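Only the coordinates and a few stated rules stand behind these numbers; no lab work does. Being a predicted model, the structure only gives us computed values, none of them experimental. No Cβ is skipped: glycine too gets one built from the backbone with ideal geometry, and neighbour counts run over all protein chains shown.
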Amino acid sequence: MNLKLEKPLVFFDLETTGLNISKDQIVEISLLKVLPDQTEISKTYRVKPDVKISDEAFAIHGISNEDVINEPNFAEIGTEIALFMQNCDIAGYNSNKFDLPLLMEEFLRVNINFDLRGVKFIDVQNIFHKMEPRTLSAAYKFYCNAELENAHQAEADTKATYKVLKGQLDLYEGQMYQDKKNGTSVAITNDVKMLSFFTSDNRSVDFAGHIVFDENDIEIFNFGKHKGKSVREIFTKEPAYFDWMKKSDFPRFTKKVIDQIWTEMKLTDLKNKLNS
């Protein structure tokens, strides 16, 4: 149905260098202005940021640093965007938590005072989440076309999860999924190895995700000041970091993993000394 509008409503979406609202910047912004008479006006801009696009962001939107190297920076187009959005209400998807705060940061960074007084905000994601909750019961209804009885009882939830997976395979098997990070496509198949790979957010070593494998199967830290660095390298240069992890409130399995790495390091050192 058509929207009932008293003044223009601007839908917008950002692609960014990352997810840190205070530090990351826009690399693409698309705006769709819907007028009260339902006329639509669309504008899309690529933007050259002052910071590098993270690998995680590139994996999501597929825009590389090279793609935007010759595009204008936000200071050059910010005024045009502000004028396009002026005297409009604003809508987006997850916009209240991310897109709008980051856009306001960009305006302020280039000294554009965008007045939000009297502006109404619609976050479409919130409607989706409130009306279609992301729960096992909701998944069961969607994929299995049935109501889940005895939800939140372990046995019922376990059996429902099994049926949901079968329902997902009924719906998605054979469909292609494209990984924007490496450009490869993978077909959803009824195969445990493939499903394990597809449902893993990262290649976790310790389940909790504090330590993960990099592309070369090297264990690296996934948190803190040493994030992205080799566990073995840090333990060699800074053995106190191993002691700190052992004494801190990390999961037992994480501590078991670093114990194994530490033991392997010591055995390697011993072998090297014996062979020297």
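Give me the number: length gained by fully extending Ile60 to Ala82, i.e. 0.36 nm times residue separation minus the C-alpha to C-alpha distance, one decimal in nm. Intermediate values should be presented prior to the final figure.
On the way: separation 22, 0.36 × 22 = 7.92 nm, distance 2.63 nm.
Length gained, Ile60 through Ala82: 5.3 nm.
What's the magnitude of the charge dipole for segment 211-275 around its Cα centre, counting Lys and Arg as +1 and Asp and Glu as -1 at the beta-carbon? Answer in Debye, nearest 20.
On the way: 13 positive and 11 negative charges, 58 e Å.
Charge dipole of segment 211-275: 280 debye, to the nearest 20.
Over the residues of the chain, compute the C-alpha Rg and express it relative to 2.2 N^0.38 Å. Display every interim value, and only then the final one.
Numbers: Rg = 24.5 Å, N = 276, 2.2 N^0.38 = 18.6 Å.
Ratio of Rg to 2.2 N^0.38 Å for the chain: 1.32.
Output wanted: per-residue J couplings in Hz (rounded whole) for segment 43-54, from phi through Karplus 6.51 cos²θ - 1.76 cosθ + 1.60, θ = phi - 60°, x for Gly and Pro.
9, 9, 10, 8, 9, 8, x, 8, 10, 6, 6, 6
Taking the Cα centre of the chain as origin, work out the dipole magnitude from +1 charges on Lys and Arg Cβ and -1 charges on Asp and Glu Cβ, in debye rounded to 20.
Numbers: 35 positive and 43 negative charges, 181 e Å.
Dipole size: approximately 880 debye.
Sorted from fewest to most neighbouring beta carbons within 10 Å, what does the list Ser30, Ser95 look like?
Ser30, Ser95
Based on Cβ point charges of +1 for Lys and Arg and -1 for Asp and Glu, what charge dipole magnitude is obtained for segment 23-137 about its Cα centre, in debye rounded to the nearest 20? Mind dumping the intermediate values first?
On the way: 12 positive and 19 negative charges, 74 e Å.
Using only the charged Cβ atoms, the result is roughly 360 debye.
Have a look at Tyr140, Ile127, Met85 and report the one farthest towards the positive end of the charge dipole of the chain, computed about the Cα centre with Cβ charges (Lys/Arg +1, Asp/Glu -1).
Result: Tyr140, furthest along the dipole toward the positive end.
Name the residues whose placed amide hydrogens come within less than 5 Å of the amide hydrogen of Ala91, ignoring near sequence neighbours (fewer than 5 apart) on the same chain.
Val10, Phe11, Phe12, Ile122
Report the FRET efficiency, 1/(1 + (r/R0)^6), for Thr199 and Gln125, where r is their Cβ-Cβ distance and R0 is 25 Å, rounded to 0.05. Provide the component values of the computation, followed by the final result.
Values: r = 22 Å, r/R0 = 0.88.
So, using R0 = 25 Å, E works out to roughly 0.70.
Fewest to most neighbouring Cβ within 10 Å: what's the order for Ile90, Ile112, Ile77? Mind showing how you got there, number by number?
Numbers: Ile90 22, Ile112 16, Ile77 19.
Neighbour counts put them in this order, fewest first: Ile112, Ile77, Ile90.
Which angle from 0 to 90°, rounded to the nearest 10, does the C-alpha axis of helix 154-172 make with the longest principal axis of the chain?
So the helix axis and the longest Cα principal axis differ by about 60 degrees.
Could you point to the residue in Ala208, Trp244, Asn190 farthest towards the positive end of segment 144-267's charge dipole, with +1 and -1 charges on the Cβ of Lys/Arg and Asp/Glu respectively?
It is Trp244, whose Cα lies furthest towards the positive end.
Considering only DSSP states other than H, G, I, E and B, which chymotrypsin sites (Phe, Trp or Tyr not before Pro) in segment 183-276 qualify as loop sites with at most 11 other Cβ atoms within 10 Å? Spell out each step's value before the answer.
Working: sites: Phe197, Phe198, Phe207, Phe213, Phe221, Phe223, Phe235, Tyr241, Phe242, Trp244, Phe253, Trp262; in loops: Phe207, Phe223.
Answer by residue number: Phe207.
Loop only per DSSP, at most 15 neighbouring Cβ atoms within 10 Å: give me the trypsin sites (Lys or Arg not before Pro) in segment 34-80, ordered by residue number. Intermediate results must be reported in sequence, preceding the final value.
Values: sites: Lys43, Arg46, Lys52; in loops: Lys52.
For trypsin sites (Lys or Arg not before Pro) across segment 34-80 that sit outside H, G, I, E and B with at most 15 neighbouring Cβ atoms in 10 Å, the list reads Lys52.
Report the trypsin sites (Lys or Arg not before Pro) located in segment 83-146 that are in a DSSP loop and have at most 12 other Cβ atoms inside 10 Å of their Cβ, or state none. Show your work: numbers first, answer last.
Numbers: sites: Lys97, Arg109, Arg117, Lys120, Lys130, Arg134, Lys141; in loops: Arg117, Lys120, Arg134.
Qualifying residues, ordered by number: Arg117, Lys120, Arg134.
Residue by residue through segment 203-214, what is 3J(HN,Hα) from phi via Karplus (6.51 cos²θ - 1.76 cosθ + 1.60, θ = phi - 60°)? Round to whole Hz and write x for glycine and proline.
Taking θ as phi minus 60°, the curve returns 8, 6, 8, 10, 6, 6, x, 6, 10, 10, 8, 8 Hz for segment 203-214.
Name the lysines eligible as straight-distance cross-link partners of Lys273: C-alpha to C-alpha under 24 Å, and not fewer than 8 places from it in the same chain.
Answer for Lys273, where 24 Å is the Cα cut-off: Lys237, listed by chain and number.
Can you tally the lysine pairs in segment 58-196 where the Cα-Cα distance is under 24 Å and the two residues are eight or more apart, or on different chains?
Eligible lysine pairs with Cα atoms under 24 Å apart amount to 12.
Which order results if His152, His210 are arranged by neighbouring Cβ count within 10 Å, fewest first?
Numbers: His152 10, His210 21.
Lowest to highest Cβ neighbour count: His152, His210.
Using the Cα centre of the chain as origin and beta-carbon charges of +1 (Lys, Arg) and -1 (Asp, Glu), tell me which of Asn222, Ser30, Ile234 is placed farthest towards the positive end of the dipole.
It is Ile234.
Karplus couplings for segment 85-90 from phi (6.51 cos²θ - 1.76 cosθ + 1.60, θ = phi - 60°), rounded to Hz, Gly and Pro as x?
Running phi through 6.51 cos²θ - 1.76 cosθ + 1.60 with θ = phi - 60° gives 8, 4, 6, 10, 7, 10 Hz.
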